[in-house]
1. Specify the inter-centroid distance of the range 61-103 and the range 15-59, based on alpha-carbon positions, in whole Å.
2. Going by how many other Cβ atoms sit within 10 Å of their own, how do MET1, MET22 line up, fewest first?
3. What percent do you get for the relative contact order of the chain when only Cα pairs under 8 Å and 6+ apart count?
4. Starting from the amide H of ILE114, placed 1.01 Å from N in the peptide plane, find each other amide H under 5 Å away whose residue is 5 or more places distant or on another chain.
5. 222 nm [θ] for the chain, helices only, -39500 (n - 2.57) per DSSP H run of 4+, per residue, to 500?
6. Given springs between every Cα pair under 10 Å in a Gaussian network model of the chain, which of GLN105, GLN85, GLN17 has the largest fluctuation?
7. In whole Å, what are the extents of the range 29-81 along the principal axes defined by its C-alpha atoms, from largest to smallest?
8. Starting from the Cα of LYS77, draw a straight line to each of the lysines and keep only those under 27 Å, dropping any in the same chain fewer than 8 residues away.
Amino acid sequence: MDPFQQEKHGEKAIQEQIARHMVGIVYGSGNHKWEGIGTGCLIKWKGSFVIVTADHVICDTNPEDLRFFFRPDETLKHASREELQALRGAPTKELKPFEELRLIQIIRNPDLDIAAIEVDSDIEKKYAAEFFP
């Protein structure tokens, strides 16, 4: 395999692993319910399982309105920007719904723009997800 192909395969392997530790966060309440999307990182910290995100992502959302996207169970699909811009839509069979999680607590620090959403550890069993130690 030529070095260019090795590099491409390496990049895809890294993306696969990173995606296991990330979630999409759907936010917004009231008239703006579920209108925003941000990201979070799955972290195991001092025995707790948390989703770490920017405080500005969740600060104006009622905790019961937060929803989460997990990576698909199968290998990630790759497309160029041009391919994505040319799409007229996505087949509904390809869409994965967001998930409601039981939130244990939310710890926020607006000054540092960081928040930790404590969740159940069983996420790793239910989804293609893994918490960083």
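1. Between the Cα centres of the range 61-103 and the range 15-59 lies a distance of 13 Å.
2. Working: MET1 8, MET22 17.
Least to most surrounded, the residues fall as MET1, MET22.
3. On the way: 205 pairs, mean separation 38.7, N = 133.
It comes to 29 percent, rounded to a whole number.
4. It is ASP55, ASN109, by chain and number.
5. So the calculated ellipticity at 222 nm is -6500 deg cm²/dmol.
6. GLN85
7. 35, 34, 17
8. LYS8, LYS12, LYS93, LYS96, LYS125, LYS126
All of the numbers you see were taken from the coordinates with simple rules; none came from a lab. Everything numeric here is computed off the predicted structure, so don't read it as measured data. Here the Cβ is made from the backbone with ideal geometry for all residues, glycine too, and neighbour counts use every protein chain on show.
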